[in-house]
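Have a look at the structure below, then the notes.
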Ligand SMILES: NC(=O)c1ccc[n+]([C@@H]2O[C@H](COP(=O)([O-])OP(=O)(O)OC[C@H]3O[C@@H](n4cnc5c(N)ncnc54)[C@H](O)[C@@H]3O)[C@@H](O)[C@H]2O)c1
Ligand SMILES: [Zn+2]
């Protein structure tokens, strides 16, 4: 096994003047002060996290920032989705004023995708935009939410409906932080990892397959390789389509059905990753039904999802409500919704105007 400090990977995200780097590896959080200093930003900052994450990782981040002479305010936010509320954003704007943040200052998000989405939105809006740093500590945060600059809070009537594109200046993915994740959160994040392999890269998909025992054991070397690989794939998509004009929709694989299942069950029955796993099982079946992929392609996807402990069956919710939720999907343009399907592992195709009967039959197949 390689020494842990040799495990750091750096992934550049090339977006012109908005370019940044993603650092992946165990212990990455301890370098945030040095990396942020290197960007030449102002010395004032605000750190946002929930209570549990602050208790675990706050000290490491604070010490790293203070070694680099940063003056850091702190805001404790509610845990989970409750953080993405206007009232919390308001408190964060207030904390930013209290901490004396100016245009050269930075807002840092430490924790899962919820804190990242909230803090990113606050960073995008405070003084029309200040520096933003992502310190994701969940699998989903590291391979997905922290990369790409989509930020948002929720409205009581719709999730992620108020937001802005605001790229981070720096992303530090500390893979050792993933060791404290509850098993269900950990597995759920792997749904996005598998998604990246299915639609973007067959070799990466095979790497994930081959790494299964080590991934289950959360071996740090393996985790770092797999997380870094996913970051690279997502970064590649974001570089080619920063504002989701076309290509970025590929990242929605498994999310059309998955998201509808979440909506219909009030976000209470499955985690996001579990719903995405079911959505992938649905997309794989739909591709087969439409003659776009053969059964073996579907089997490969199901096997990998099941091997990490994600569901591929049991989506027994009323089809009309799911179809209804799909019709209201945010990706609908002029009444047409593209389904992302995978003709083979590592490739994708956008398919429009899928007959409702096919979707209904697919839902029955994953029930
Ligand atoms: N902006 C984007 O592009 C994007 C992409 C995907 C998802 N998202 C958003 O991300 C959010 C979901 O993020 P999430 O799955 O990370 O959930 P989360 O932020 O709710 O975190 C999950 C739970 O894990 C805890 N936690 C975090 N790190 C931990 C650690 N290292 N050890 C122990 N516990 C830890 C948190 O306290 C929380 O209870 C959703 O709101 C979703 O909309 C955004
Ligand atoms: Zn997702």
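Every number in this text was worked out from the coordinates using simple rules, so none of it is lab data. Everything quoted here is computed from the prediction, not taken from an experiment. Neighbour counts run over all protein chains shown; Cβ positions are idealised from the backbone, glycine included.
Per-structure values
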{"item": "Residue 202/residue 360 FRET efficiency (R0 30 Å; Cβ-Cβ; nearest 0.05)", "result": "0.45"}
{"item": "Ordering of 141-153, 101-113 by packing [mean C-beta count within 10 Å, highest first]", "result": "141-153, 101-113"}
{"item": "The stretch 255-367: relative contact order as a whole-number percent, Cα under 8 Å and 6+ apart", "result": "31"}
{"item": "Whole-Å semi-axes of the ellipsoid equivalent to the stretch 277-367 (Cα gyration tensor, √5λ, descending)", "result": "21, 16, 11"}
{"item": "Förster radius 56 Å - calculated FRET efficiency between residue 67 and residue 352, Cβ distance, rounded to 0.05", "result": "0.55"}
{"item": "Whole-number percent relative contact order across the chain, with pairs defined as alpha carbons under 8 Å at least 6 apart", "result": "15"}
{"item": "Highest to lowest packing among 171-179, 197-205, 272-280, scored as the average C-beta count within 10 Å", "result": "272-280, 171-179, 197-205"}
{"item": "Beta bridges by DSSP in the chain, antiparallel share as percent, to the nearest 5", "result": "35"}
{"item": "Taking all pairs of distinct alpha-carbon atoms in the stretch 131-280, Kirkwood radius in angstrom", "result": "15.9"}
{"item": "Cα-only Debye scattering, the chain: base-10 log of I(q)/I(0) at q = 0.06, 0.07, 0.13 Å⁻¹", "result": "-0.21, -0.29, -1.00"}
{"item": "Cα centroid separation, the stretch 4-52 to the stretch 303-330 (Å)", "result": "35"}
{"item": "MRE, 222 nm, helices only [DSSP H, n ≥ 4, -39500 (n - 2.57), over the chain, to nearest 500]", "result": "-13000 deg cm²/dmol"}
{"item": "Antiparallel DSSP beta bridges within the stretch 5-76, as percent of all bridges there, nearest 5", "result": "45"}
{"item": "Two-decimal Rg/Rh across the stretch 199-317, once Rg and the Kirkwood Rh are taken from alpha-carbon atoms", "result": "0.97"}
{"item": "Calculated FRET efficiency for the pair residue 328/residue 210, C-beta based, R₀ 56 Å, to 0.05", "result": "0.90"}
{"item": "Per-residue Cβ neighbour rank within 10 angstrom, fewest leading, 289, 333", "result": "333, 289"}
{"item": "For the stretch 109-160, Kirkwood radius (reciprocal of mean inverse C-alpha pair distance, Å)", "result": "11.0"}
{"item": "Residue order, fewest to most surrounding Cβ atoms within 10 angstrom, among 20, 253, 267", "result": "267, 20, 253"}
{"item": "The stretch 246-306 - Rg and Dmax from Cα coordinates, angstrom", "result": "12.0, 34"}
{"item": "Along principal axes, Cα extents of the stretch 20-146, largest first, whole Å", "result": "32, 31, 26"}
{"item": "Percentage relative contact order, the stretch 38-108, counting C-alpha pairs under 8 Å, at least six apart", "result": "53"}
